[in-house]
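What follows is a short report on a single structure.
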Amino acid sequence: MGEIIEQIYLAFVGALSITFFGGIAFYIMSASYSRWREFERHYGAMTLPKPLARRMAGAVRLSQPGARWGHLSGDLKSYRHPPVHVRVHKEGLSLAMVQPFKFGHRDLFLPFAKMTVEPAAWDMLSNEYGIQMEDVEGIEIVMFSNIMQWAAQHSEVLDLMLQRAEMVRTLEKAR
């Protein structure tokens with residue numbers, strides 16, 4: 001009889017431990033994707049128009065504008081998202097996380113009409129671009145310059161935005 005009670009006890013402790021650590025893992029994942037969800041509220045897309053071009057970006061970072069070093073700059077919610085599919089559409093850009101990271105997250109459609117592209121720095125890299133959206137205050141999506149330049153080849157509007165960002169970068173360096 002004592003062995004059965006011991007087995008029930010071990011099963012109960014094991015189930016409780018898995019539930020506890022699973023809850024902690026879910027909380028960490030949920031907190032990590034909080035910035036994506038802020039964009040999702042305004043720019044989440046269930047269906048997307050046919051893209052003009054599509055490419056896999058190495059990573060994107062969602063952080064406060066000017067938070068070059070992410071967490072070390074004091075932006076505790078700064079997060080580098082794993083590989084993201086970047087698609088260029090006639091009216092904007094779309095971003096989609098790759099599986100399995102996409103679970104529970106919709107694609108983002110970022111319309112050019114509500115977008116501003118600013119010069120940004122990312123760790124040791126200083127020639128990157130930050131996408132700021134009209135409806136999401138205090139957060140930018142930082143992307144590598146090669147991805148943004150590739151996307152600009154497929155969109156005149158985005159090309160003009162990058163030219164403006166480069167002019168701003170030049171003026172800031174001249175100060």
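Figures for the structure shown
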| quantity | calculated |
| --- | --- |
| Qualifying residue in the range 136-156 (condition: within 16 Å of the chain's Cα centre (by Cα), over 26 Å from Pro49 (Cβ atoms) and touching a residue at least 12 places away in the same chain (Cβ under 8 Å)) | yes |
| Meets criteria (within 27 Å of Leu171 (Cβ to Cβ), modelled with pLDDT of 85 or more and out of contact with any Cys (no Cβ under 8 Å at 6 or more places or on another chain)) for Gln132 | yes |
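The values are calculated or read from the model by the stated rules, or taken from the named source; none is laboratory data. This is a predicted model, so every value here is computed, not measured. Please note: Cβ atoms are built from the backbone with ideal geometry, for glycine as well, and neighbour counts cover all protein chains shown.
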